[in-house]
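Written below as structure tokens is the structure these notes are about.
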Amino acid sequence: MLEPRVALALFGVLAGFVPVGALGASSSTTKSTETYKWTDEQGVVHYGDSVPPQYAKQDRSVLNSHGIEVRHLDAQKTPEQLAADERARQELIRQKQHDSFLMTTYTSVKDIEALRDVRLDQLAGQKLAAQQFVDSLHSRLSSLQARAMTFKPYSTRADARRMPDDLAEDLVRTLSDLRTQSNALAQKSEEESNLRAQFQTDIERYRELHAAQVQAQR
């Protein structure tokens, strides 16, 4: 039994309908009219041959002549929702491509681990070179600072001369290089952590895909 609010809305629509039997012989040439079903902001369900403009962007159903839903029209999505859907679609494509890469590139987990170890060794060599460069810059900076202490404004001697321009420039340049290389060294450490995490993710995903493949072949 229909709820009063639903029945009232339905009655208001059906009151304008002409019974099919009253159409006589001409009914065979008359196109069937689609009936739409929608819900207003008060929760009242409505039926009609068209949807009012204010509800055209909401969820709605299309019913056939027997009142059976034959099509469902989703609510119009906001730009944010559309953007989120597109991001999800792109992520799904990326995941499928990566899954294909894993299954066609490696024959076992040991293959992935071997490549991981090679990449980590390469990165360790880069970190060592970067650390050595940072150490040399520290030494150079200490030497320049020691020289700077003999000139004004750092020296307390009355006869101390003003710091030469080239020494000041060397100090500024060395400090700048030291900051740059220290940041690069920190990035190498972060890269190492990310590399380990990525390979671990690949190993776990490969195991999942391989297990699913074996299961499908049984």
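Read-outs: derived from the displayed coordinates by stated rules, not from any lab. Keep in mind that what you see is a predicted model, and the values were worked out from it rather than measured. Every residue, glycine as well, gets a Cβ built from its backbone with ideal geometry; the counts of neighbours run over all protein chains shown.
Take the Cα of THR105, step 7 Å toward its Cβ, do the same at ASN64, and the gap between the two points is 5.1 nm.
For a quick check: sort LYS152, LYS37 by the number of other beta carbons within 10 angstrom, fewest at the front. Mind dumping the intermediate values first?
Numbers: LYS152 12, LYS37 21.
The fewest-first ordering by Cβ neighbours comes to LYS152, LYS37.
Cross-link partners of LYS110 among lysines, defined as those whose alpha carbon lies under 30 angstrom from its own and excluding same-chain residues fewer than eight positions apart: LYS96, LYS127, LYS188. Note on ARG140 and ALA160: the model spin-label points, each 7 Å out from Cα along the C-beta direction, lie 2.5 nm apart. Between SER176 and GLN198, what is the FRET efficiency for a Förster distance of 22 Å, r being their Cβ-Cβ separation, to the nearest 0.05? Between SER176 and GLN198 the formula returns 0.10.
With q set to 0.20, 0.24 Å⁻¹, the log10 of I(q)/I(0) for segment 107-217, from the Debye formula over equal scatterers at the Cα positions, is -1.00, -1.18.
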